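Novice: Have a look at this one before I ask anything.
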Amino acid sequence: MATAIITWNEIHAARRRIAGVAVRTPLLRLDPARLRQAGLAKVDESAPVIYVKDESAQPVGSFKLRGAYNKIAQLSAEQLQRGVITYSSGNHAQGVAYAARALGAKAVVVMPSNTPLVKRAATLALGAEVVVVGPASTERRQRAEELSATYGYTMVPPYDDPAIVAGQASCGVEIVEQLPDVELVLSPVSGGGLLSGVAAGIKLQAEAAGVPSPQVWGCEPELAADAAESFRTRSLVEWPAEKTTRTICDGLRTQSLGNLNFELILRFVDGVVTVREEEIQTAMRILLETASLVAEPSGAITLAAALFHAAELPKANKVAVILSGGNLDPKSGASAKENA
């Protein structure tokens, strides 16, 4: 298991580094009355107030720019000249492509064949070279490593890297700055970059300030619940691609948590809850109807957890849910089975 630990100083340095590139995204309160109008009759005055951290407001439509820019901005001039490479189902691809273009580096992205076309097109539009492989996350990683060894590209991992995690941690720090009395923060989890970063950022900030920390929970599809199993058993497990690719959450189909991410999750995360596909689709509709937010399935999963799995989560008066991305294929809709 990885031994690197993210420090508070590294998170602060990452925030300074990405300032002016990654956006300090808004934290939006969902109106209980509008939730009731959207069909959630059980929402009453005693229900937790839900706030949405809208990472779809980033220039690439997702949180991934935070970690990608933090990583690439630390490379040497020689490394930038050789170029960078990554493997991604879409959002990290766009983050790397955007950051590489901003820093004058070539970007190569290995993407699975079941990537939504809107994400592949956006990656190409940002100037990256795209290499397409099969649907397994292990397959795209292997191909990226082969190309890195052949051409000297610097690898920019999607999650299992201290610089990536430190960049994603900035999202969590912003939440507690924007809502100091938040009691529960919900993050999607796949490879674990966002969840481990958010949890580390929130917990280390509370420790530094000498104040109680909100709980941080991960949210994962039932159909791709390797992280939930790993957290429950305290043992890193891997699910086969034929299982994880069943979910409509194309950004949450990674087969296993990263080693560093798993270590940080065990240290800082309070729990992981799983969510059904139909609940995710309902949450997408509710975000659109109540807040005019377009969420991809991976981004809506946190609201689905807050609305439909409150009994499994700790009691809280104020809950922040991270809408991790809004790169939804307009042709596929909420039931994008062709991308599964």
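Values in this text are rule-based calculations from the coordinates and carry no lab data. What you see is a predicted model; the values in this text were computed from it and never measured. Counting neighbours? That spans all protein chains shown, and the Cβs are built from the backbone with ideal geometry, glycine included.
Novice: Rounded, prolate or oblate: which fits region 64-155 when a ≥ b ≥ c are the square roots of the eigenvalues of the alpha-carbon gyration tensor, with rounded for a/c under 1.5 and prolate only if a/b beats b/c?
Specialist: oblate
Novice: Residue by residue through region 52-68, what is 3J(HN,Hα) from phi via Karplus (6.51 cos²θ - 1.76 cosθ + 1.60, θ = phi - 60°)? Round to whole Hz and write x for glycine and proline.
Specialist: Those phi angles translate into 10, 7, 8, 6, 5, 7, 5, x, 9, x, 7, 5, 4, 4, 4, x, 4 Hz.
Novice: Per q in 0.19 1/Å, what log10 I(q)/I(0) does a Debye calculation on the alpha-carbon atoms of region 81-235 return?
Specialist: Computed log10 I(q)/I(0) values: -1.16.
Novice: At a 10 angstrom cut-off on C-beta neighbours, averaged per residue, how do the peptides 202-209, 189-196 rank from highest to lowest?
Specialist: Details: 202-209: 17.1, 189-196: 32.4.
In decreasing order of mean packing, 202-209, 189-196 become 189-196, 202-209.
Novice: Based on C-alpha coordinates, I'd like the Rg and Dmax of the chain, in Å.
Specialist: Cα radius of gyration and Dmax of the chain are 18.4, 60 Å respectively.
Novice: To the nearest 10 degrees, how steep is helix 137-151 against the longest Cα principal axis of the chain, on a 0 to 90 scale?
Specialist: The angle comes out at about 30 degrees.
Novice: For Cys249, Cys219, Cys171, which order do you get if you count the other beta carbons within 10 Å of each Cβ and list the fewest first?
Specialist: Neighbour counts put them in this order, fewest first: Cys171, Cys249, Cys219.
Novice: State the Cα centre-to-centre distance between region 51-106 and region 283-330 in whole Å.
Specialist: Taking the Cα centre of each part, region 51-106 and region 283-330 sit 24 Å apart.
Novice: On C-alpha positions alone, give me the angle between the axis of helix 297-308 and the longest principal axis of the chain, in degrees, nearest 10.
Specialist: The angle comes out near 20 degrees.
Novice: Amide H neighbours of Gln58 under 5 Å, at least 5 residues apart or on other chains, H built in the peptide plane: list them.
Specialist: none
Novice: Could you go through region 154-165 in sequence order and give the Karplus-derived ³J(HN,Hα) for each residue, using 6.51 cos²θ - 1.76 cosθ + 1.60 with θ = phi - 60°, rounded to whole Hz, and x for Gly and Pro?
Specialist: Working through the residues one at a time gives 7, 6, 10, x, x, 7, 8, 7, x, 5, 5, 4 Hz.
Novice: If amide H atoms are built 1.01 Å from N in the plane of the peptide, which residues on other chains or at least 5 residues away come under 5 Å of the amide H of Met155?
Specialist: For Met155, the qualifying residues are Ile85.
Novice: For Lys315, Lys106, what ranking results if the residue with the fewest other Cβ atoms within 10 Å of its Cβ goes first? Show your work: numbers first, answer last.
Specialist: On the way: Lys315 10, Lys106 17.
In order of increasing Cβ crowding within 10 Å: Lys315, Lys106.
Novice: For Leu103 paired with Ile5, estimate the spin-label separation in nm (one decimal), with each label point 7 Å from Cα along the Cα-to-Cβ line.
Specialist: It is 2.7 nm.
Novice: Taking H as built 1.01 Å from N, whose amide H comes closer than 5 Å to the amide H of Ala107, not counting residues under 5 places away?
Specialist: Val84, Glu129
Novice: Antiparallel as a % of all DSSP beta bridges within the chain, to the nearest 5?
Specialist: Values: 4 of 35 bridges.
Looking only at bridges with both residues in the chain, the antiparallel portion is about 10 percent.
Novice: Between Gly172, Gly83, Gly20, which gets the highest mean-square fluctuation from a Gaussian network model of the chain, Cα cutoff 10 Å?
Specialist: Gly20
Novice: Per DSSP H run of n ≥ 4, the term is -39500 (n - 2.57); total these for the chain, divide by its residue number, and report the mean residue ellipticity at 222 nm rounded to 500 deg cm²/dmol. Before the final figure, lay out each step's value.
Specialist: Numbers: 14 runs with 152 residues, N = 340.
For the chain, the value works out to -13500 deg cm²/dmol.
Novice: Could you tell me how many degrees, from 0 to 90 and to the nearest 10, lie between the Cα long axis of helix 8-18 and the main elongation axis, the longest principal axis, of the Cα atoms of the chain?
Specialist: 70
Novice: If you don't mind, another one. Based on a Kirkwood Rh over C-alpha pairs, give the Stokes-Einstein translational diffusion coefficient of region 197-340 at 37 °C and viscosity 0.692 mPa s in µm²/s.
Specialist: 207
Novice: Next question, about the same structure. Going by how many other Cβ atoms sit within 10 Å of their own, how do Glu139, Glu278 line up, fewest first? Each step should come with its number before you reach the end.
Specialist: Values: Glu139 16, Glu278 13.
Arranged by neighbour count, lowest to highest, Glu139, Glu278 become Glu278, Glu139.
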